[in-house]
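Take a look at the structure set out below.
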Amino acid sequence: MERKKAYYWCTCLQMITPIKVRRLIEEAGGPSEVFGQSDEKLVQMGFTAREQRIYHEACAMEKTIEAEYEKLSQSGIRFVTIEDEEYPVLLKEVADRPIGLFVKGNLPKSDSPKIAIVGARACSSYGKECAEEIARELSAAGAQIVSGMAYGIDCCSQKAALEAGSSYAVLGGGVDICYPRENIGLYEKLIRQGGVISEMRPKTRSIPVLFPRRNRIISGICDAVIIIEARKKSGSLITAEFAGEQGRSVYAVPGSIFSDLSEGCHELIRNGAVLLSSPQEILADFKLEAAARKIHRQKMPLTEIEQDVYRFIEREPVHMEILLQKTGYPAGTLCSALFQMELKGYISEEAGGCYKRIFNVSDS
């Protein structure tokens, strides 16, 4: 069997650890020679009874898998093996690196920093704003943003990164399946402006057991990992742990001491992660120059009443009932002021009748 096609066959062993699969390839003398290994030889290599069964089932599917491989390019999917020049250099350093990657779009370029941004799915408005601001600044300066395309911090950072540059998503399932489905617009944009990557064969569904494997690729591809909002037990902390084991820099954004979304990040900082309080800090660490800021349209000035109301609106959303109490204005006057301030670009309305300031880095 042709060498690259044989590597594709080896991806049928994806429920066996990559280290064992690589040992199988090495001891057999190459990917094309992995067929026909005896159970005795598999046991010597540490294969469990379940792993032996997976191996023999894959051997029986040889012709089917060859046909699958021939159709792969028709689906717009490329298969990049560990022997290919395009395979990410940093990922080659990882002990349990995948033997191959499936790609829609492109892989990150080797000549510019690759930075992962991950965090809570159910993030706060503060976390969302941090993710967008950091991703936008880093992307505009030439960094490549990598994440998992999950709800919350992941997709917020990737959407912001795509406004200024490129981003790459590593999926738990096959690259031909958008997960979560609601992110289909982001998925399609990533393919055009970056790439979607997975070690799992096409048609593989994303299931929780596959997410830690995905996380080690996210950190393994990157020079650094940024964690924004993470509870004490979260997948983001697994990514941070992988990053530490792989020798990557780990940054954590601090949050409110009253929020359980901050517990994971604060624990990382206590354990030696770099406290990240602004995009400029990581730009300096990677010797990236901040992109020239766009000139923002001059905002229309606030009226006296609007200025008075604006004093009570901060970055964290505040409910209209609170504003009524603090300002003392009648409901009609307050609603009119809030509407005008939103039109002028000073505030935004959030869910549940809350309002918060719109913060632009150029305003600071």
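Here, each number is a calculation from the coordinates, and none is a lab measurement. This structure is a prediction, so every number in the text was calculated from the model and none was measured. A quick note on method: Cβ atoms are made from the backbone with ideal geometry, for glycine too, and the neighbour counts reach across all protein chains shown.
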Run the helix sum for the chain: -39,500 (n - 2.57) per DSSP H stretch of 4+ residues, divided by residue count, reported at 222 nm to the nearest 500 deg cm²/dmol.
-12500 deg cm²/dmol
I need the chymotrypsin sites (Phe, Trp or Tyr not before Pro) found in region 144-205, filtered to DSSP loop residues with at most 13 other beta carbons within 10 Å of theirs.
none
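What number comes out for the charge environment of Ile153, summing +1 per Lys or Arg and -1 per Asp or Glu over other residues with Cβ under 13 Å away? Intermediate results must be reported in sequence, preceding the final value.
Working: positive: Arg121, Lys128, Lys159, Arg231; negative: Glu129, Glu132, Glu133, Asp154, Glu229.
Result for the neighbourhood of Ile153: -1.
Can you pick out the pairs among Lys203/Lys233; Lys109/Lys356; Lys20/Lys159; Lys20/Lys189; Lys104/Lys344; Lys5/Lys128 whose Cα atoms lie more than 31 Å from each other? Let's see the in-between values first.
Working: Lys203/Lys233 29 Å; Lys109/Lys356 38 Å; Lys20/Lys159 37 Å; Lys20/Lys189 36 Å; Lys104/Lys344 41 Å; Lys5/Lys128 42 Å.
Those over the limit are Lys109/Lys356; Lys20/Lys159; Lys20/Lys189; Lys104/Lys344; Lys5/Lys128.
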How large are Rg and Dmax for region 1-41 when only the alpha carbon atoms are used, in Å?
9.6, 27
What is the distance in Å between the Cα centres of region 158-220 and region 25-79?
25
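Find how much the distance from Val274 to Arg121 grows on full extension, using 0.36 nm per residue of separation minus their present alpha carbon separation; answer in nm with one decimal. Let's see the in-between values first.
Working: separation 153, 0.36 × 153 = 55.08 nm, distance 2.20 nm.
Contour length minus the Cα-Cα distance gives 52.9 nm.
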Measure off 7 Å from each Cα along the Cα-to-Cβ vector at Ser110 and Glu267, then give the distance between these two points in nanometres to one decimal.
3.7
What does the extension gain come out to for Gln307 and Ser259, with contour length at 0.36 nm per residue minus their alpha carbon separation?
14.3 nm
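Can you bin region 147-286 into rounded, prolate or oblate? Criterion: square roots of the alpha carbon gyration tensor eigenvalues sorted a ≥ b ≥ c, rounded for a/c under 1.5, prolate for a/b above b/c, oblate for the rest. Let's see the in-between values first.
Details: a/c = 1.73, a/b = 1.48, b/c = 1.17.
Since a/c reaches 1.5 and a/b is larger than b/c, the shape of region 147-286 is classed as prolate.
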Cβ-Cβ FRET estimate between Ala49 and Glu188, R0 fixed at 56 Å, reported to 0.05
0.85
Could you please tell me the mean projected area of the C-alpha convex hull for the chain, averaged over all directions and given in square nanometres to one decimal?
20.6
Could you compute the net charge surrounding Asn183? Neighbours are other residues with a C-beta less than 13 Å from the C-beta of Asn183; K and R count +1, D and E count -1.
+1
The extension gain from Ala95 to Ser348, computed as 0.36 nm times the residue separation minus the Cα-Cα distance, is 86.4 nm
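For a test of the definition: using alpha carbon positions, the gyration tensor, and the 1.5 limit on a/c, classify region 23-64 as rounded, prolate or oblate. Provide the component values of the computation, followed by the final result.
Numbers: a/c = 2.24, a/b = 1.10, b/c = 2.03.
Oblate shape, in that a/c is at least 1.5 and b/c is the bigger or equal ratio.
Relative contact order for region 1-151 using alpha-carbon pairs under 8 Å, separation at least 6, rounded to a whole percent? Each step should come with its number before you reach the end.
Working: 125 pairs, mean separation 33.1, N = 151.
For region 1-151, the relative contact order is 22 percent.
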Return a whole-number percent for the relative contact order of the chain, with Cα pairs under 8 Å and 6 or more residues apart as the contact set.
13
Size of charge dipole - region 87-147 - debye, nearest 20, with Cβ of Lys, Arg +1 and Asp, Glu -1, no other charges:
260
